[in-house]
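A short worksheet on the structure shown next.
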Amino acid sequence: MRILTSIRSRLAKGSLWISGGRGLSNLLTVLSTFVLARLLVPEDFGLVALASTSLAILNSLTNLSMASALIHHKSPADDHYHTAWTLGIIRGFVLACIFCVAAWPLAILYSEPRLDDVMYALSASVILNGFTNPRLIKMQKELVFWQVFVLSVANNFVFAVVSVSIAVSYQTYWALVIGTIAGQLTSTVLSYSLFPFRPRFSWKHGRELWSFSMWLTLSQVVDTLNYRFDHMLVGGVLGRASLGFYTVGSSLATVATREAVKPLTQTLFPAFSLLSGDPGSLRNAYQRAQALVTAVALPAGLGTALIADPLVRLAMGEAWAPAIIIVQAIGAIYAFGTLGSLAASVAMAQGITATLFRRALLQFVLRVPLILLGMYYWGFVGLIYARTAVGAITILINMQLIYRMTGLTVAAQLRANIRCLAAGAVMIGAVLIVQWAFPTGGGNAGLALLILFSIVVGTVSYIVTSGLLWLLSGRPIGPESEALVLSKALINLATHRRLARIRED
């Protein structure tokens, strides 16, 4: 029990660091996206999305997952980190060379003469990423995550400053490219400042690290194809403008939910690894973590979908109106996807990474024909229908996987989240009533007020409903009790500080 309490304490601190870092980072990213959307055209975003999507697919094909292997290892020695660093550098240079060779053929394939230069430039970010300090994994393994805060904020801050500055001066798509490279350079340099490490070339533990990461790498390959091939398809079939709408819309749709989930998923893999030998503790930890993730991420995702129309029109202008349906549909399905979002963390903690590969392969087999059929019969809207259907199927696949790994039935998983789901339904109804009573109008001021009212009403209705259902249920252990404990701790901390100041005065 003492060990579990210690893990929970470190997990909470780690999640706060990552939450703060990712929250601030993505605030910078969203704000810079809004500014860039005003300065650039959708075709600019579509062009860079073609290059970045190609890079993501190629990146997954060579992703060695050394970080996960080091976290899973019980006691990695210095040579393990030297080996990870060596493999990372080699991979970076090889990947950059392959990316440059593929640039010209892809530019011809997509009839986009600017694409090859963009790909040549982005290859620099791949090389820089290969030099990242692997020693930072030691801190994550010990559930220390403040360095994640620093790296993520620095990367996104530099990207925002550089990209917006160039866009203001030149209104060119190179703003996105140079901003990406500058952000990666900042992260790589900072990684050695935060945790000094003098690496050297070593092959000593290459086979050992690869034995864990092999299946994880294969699953990431298929996962990337799952979530990136539709970008390539849209860019080739529907054009760069449609790809720009789709890329930016998808990013806005998922940012709130992703940032609510990611802090916990990053900390839960090492935490679950410490509990992998105790099925009961692992099952209990999973249920509590999953309920907390859903309690935060579900309203965030649903809220994004509900305010998509006025938000896009206000922040990005009428030219980006086609992105609204993307934010609405993908935001909603991504929110409900949190019900099974921790499956990968449990699988990696138990070392059964082959299961993740089989899951990714199943999703790919289902996703490809659905998206192709949707686009063939209904075009751009059909793509959205297909994404929604695939998202619903993925939720069921993840929940079934959790059942196989922990013994928690799908019904038990839903029961743990029933209050969140009910509160989410009430929130949807409340916000829709507000938007029906106050339709968009009155220019930017009217849109801003509608967004504000929607957020306030949605937040209050969700919190009040969750609280009432928790009280009616007999105050069980769950996200509500976790929030109550945290609130009391913050109040006590503020009180102690205030008393300390009074004594000093």
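Here, each number is a calculation from the coordinates, and none is a lab measurement. Model, not experiment: these values are computed from the prediction. Quick reminder, even Gly has a Cβ in these numbers, built from the backbone with ideal geometry, and neighbours come from all protein chains shown.
Taking 45 Å as R0, compute the FRET efficiency from the Cβ-Cβ separation of ALA354 and PHE438 and round it to 0.05.
The calculated FRET efficiency here is 0.30.
Using 0.36 nm per residue of separation minus the Cα-Cα distance, give me the extension gain between THR459 and THR172 in nm, one decimal.
99.5 nm
Per 5 Å bin, what percent of the C-alpha pairs of the range 401-474 does each bin hold, from zero upward?
3, 16, 18, 15, 12, 12, 9, 7, 5, 3, 1
If packing is taken as the average count of other Cβ atoms within 10 Å, what order do 194-201, 393-400 fall into, highest mean first?
Result, highest mean first: 393-400, 194-201.
Modelling each spin label as a point 7 Å along the Cα-to-Cβ direction, I'd like the ILE393/SER481 distance in nm, to one decimal.
In this crude label model, ILE393 to SER481 measures out at 3.9 nm.
How long, wide and thick is the range 346-451, going by the Cα atoms along their three principal axes, in whole angstroms, largest first?
Largest first, the range 346-451 extends 56, 39, 21 Å along its Cα principal axes.
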